[in-house]
Amino acid sequence: MIGTDPTLPATGVPATGVPATGVPATDVLALAAQRVEAETGLTFPGTRRRQFDAALGRMAEALGLPGAAACASWLLAGPWDAARSALCARFLTIGETYFFREPRALDLVCDVARAHLARGETRLLRIWSAGCCTGEEPYSIAMTLRRCAPRLLPDGVTILATDLNDAFLDFARAGRYRRWSFRRTDPADLDEFFRPLGDGRFEIDPQLRAAVRFASLNLASGAYPSSATGTPAQDVIFCRNVLMYFGQEQARRVIARMRDCLVDGGWLVVNASEASTSLFAGFTPVYQEDAVFFRKSALPAPADVPAKAPAAAPVAFTPAPEPAPAPAPAFAPTPAPAPRRDDAMARVHALADAGRREEALQGLRRAVEADALSAPLQQDAALFALEHDDRALARQCVRRLLYLEPDSAIGHYLSALIEDAAGRRPRARILLREFGRLAPGADAELRGALRQWMERAS
Ligand SMILES: C[S@@+](CC[C@H](N)C(=O)[O-])C[C@H]1O[C@@H](n2cnc3c(N)ncnc32)[C@H](O)[C@@H]1O
């Protein structure tokens, strides 16, 4: 509480529950959400606004303020200082992470490291985990390198790990983790890289801990690239499960700045559901079964910009053993307007009706990439993909749908069907329960129709 807890900032907001400006509480909350987005990138559209309002209520409690509106006034008053940034990081960021979360991205690190050694490079290999949370991601990178390119550790590589949340960074520096962080870790890796502390926690090998440098960095700021933050000339940047919480324009700016931080041919790794290719000007997407990586390519000169952005042709993932010449520009800086959802789906259906299934699915892939932020399109596309037996595409569309509309009942139902078909029954049951909660009145007809789709696809 203010006045009793010296670690919390003084707000200067009167404890009356009335925003100092006299602006209605709903407006002041909306203004605070806008300011938070401008300062941190974190956005709370649609149903996520409720989460923001609730978090401000908790923040107000911690500050000793009478309610969310008073807290919003405090966030709006004065310059954006360390106290506001720290409070937002503490109450608004999501700390979900675990070791070895994305094995394919770690395979990519291995390939890049081996190629670096094979070329006899004398410069350091540089890897950056941006939005590193409590450290599981950068330490997974260090462990992977220890195993696949041990010659690089400790002096041939820098692993930079940054986050907005200083509490996460302190935790990461300590390097002590509970079992939950190892939920996808091979027990042999746990034995090899950690020592049990006897209280249920495990401590990372001190040499691995020393291989990672943790630092505070707000991705919505202009602090990179800059030698002061050690961010230029990166070979690989991980920015996974971070941009999904950002507004589109902020995400685009982060991606452009990260491109400036990469060496030519360097890699940007994001989560597949964050991978709307229209945001990645100057990158070539490289697709794997359920992952996509972005490789820095040349930006097209303004005169070269085609009238219509070319479709993102899937490329097989082949790690380059040699330094890659910058590939030809694949994307225009400004994408062409996305086709309307109904037009796109009508074309896809027409192809399927003509018996041209492969072309229909290719068209669908292009449509969902071109309009990755349309929830209705992702939903239609998921249904079509299920019906036409392309579960990987269906999974990708459903994941995007649930990112865009976390409370989508049909998204949960489709997810349940996909999990069920993959034999993951317990997870399917959880999703079905969630579907029931979100759509208590969902009629048997809908359920029946969806089940039929699935049966036809299986
Ligand atoms: C869900 S975690 C992802 C952790 C890790 N990258 C992974 O995929 O396992 C998201 C992280 O992004 C961080 N984050 C959110 N906004 C940020 C910003 N503006 N600058 C830096 N980090 C931010 C959060 O603090 C949180 O640690």
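Throughout, read-outs are computed from the coordinates displayed, never taken from laboratory work. Source: prediction; values computed, not measured. Virtual Cβ from ideal backbone geometry, glycine too; neighbours counted across all protein chains shown.
The protection proxy used here, the mean number of other Cβ atoms lying within 10 Å of each residue, ranks peptides 134-145, 267-278 as follows, highest first: 134-145, 267-278. Convex hull of alpha carbon positions in the range 103-304: directionally averaged projected area 12.2 nm².
Counted residue by residue at 0.36 nm each, then reduced by the alpha carbon distance between them, the extension gain from Arg178 to Asp260 reaches 25.9 nm.
Set against the 2.2 N^0.38 Å expectation for a compact globular protein, the range 46-197 has a Cα radius of gyration ratio of 1.33. Subtracting the Cα-Cα distance of Asp170 and Glu249 from their residue separation scaled by 0.36 nm leaves 25.4 nm.
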